[in-house]
1. Among rounded, prolate and oblate, which fits the range 69-142 when a ≥ b ≥ c are the square roots of the eigenvalues of its C-alpha gyration tensor, a/c under 1.5 means rounded, and a/b larger than b/c means prolate?
2. Scan the range 57-138 for chymotrypsin sites (Phe, Trp or Tyr not before Pro) in coil per DSSP, keeping those whose Cβ has at most 10 other Cβ atoms within 10 Å, and list them by number.
3. Give me the percent relative contact order of the range 4-143, please, defined on Cα pairs under 8 angstrom at least 6 residues apart.
4. Computed FRET efficiency, Cβ-Cβ of Met123 and Ser3, R0 35 Å: what is it to the nearest 0.05?
5. Net charge near Leu76, counting Lys/Arg +1 and Asp/Glu -1 over other residues with Cβ under 11 Å of its Cβ?
Amino acid sequence: MSSAIGDLVGKVVVSIRHILPDGVDCRPLHCQLDLAEITREFHRAPGALVAVPQISCDEVQGGEPIATVSMAVFLLVEGVRHADRGSMGLELVERLLRRITRERWDADGVRRAQGVTARVVYMDELERKAVTIWEVSWTQALELPDATEGLLTDYAGATLTVLPNTEPTDG
């Protein structure tokens with residue numbers, strides 16, 4: 001069984017792989033990003049992790065529920081010189097900003113990204129290892145389709161033939 005949000009995340013990961021230069025690993029992240037998780041998840045730099053830190057949902061009158069999906073891409077760059085990490089990080093961030101601001105990820109019911117921002121995630125431990133992480137985040141609204149859509153009913157395959165009334169009418 002697939003989900004609209006899971007499908008969206010998958011499409012974002014695939015698209016971001018194409019945006020970033022060859023050799024940049026891009027994968028989904030399914031948990032909170034902390035120092036321990038950075039050590040486990042980032043296998044090489046530069047690298048990218050796509051996360052969904054928060055989801056909210058509102059019912060739209062007369063329509064589908066709308067989920068507001070908060071998304072983030074964490075970019076890991078390394079280099080002995082801070083200036084090298086800065087310029088590489090800015091290049092990758094710029095590639096993402098150009099695409100995310102207008103992207104709907106070829107997914108049905110997805111609206112344009114809102115509130116796209118980028119920031120450096122500063123951690124002393126990372127700085128000592130000559131590593132910088134950039135977070136590019138945004139929200140994107142997504143229509144959640146009816147969970148029963150496409151299911152067969154008890155009447156599937158039945159036909160109904162309507163014949164004109166040929167009996168005489170009174171009056």
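Derivation of every value follows stated rules applied to the coordinates shown; laboratory data play no part. Predicted model only: the values in this text are computed from it and were never measured. Glycine also receives a Cβ, built like all others from the backbone with ideal geometry; neighbour counts cover every protein chain displayed.
1. prolate
2. Tyr122
3. Worked out over the range 4-143, it gives 25 percent.
4. Efficiency, from the Cβ-Cβ distance: 0.65.
5. Combined, the nearby Lys, Arg, Asp and Glu give -1.
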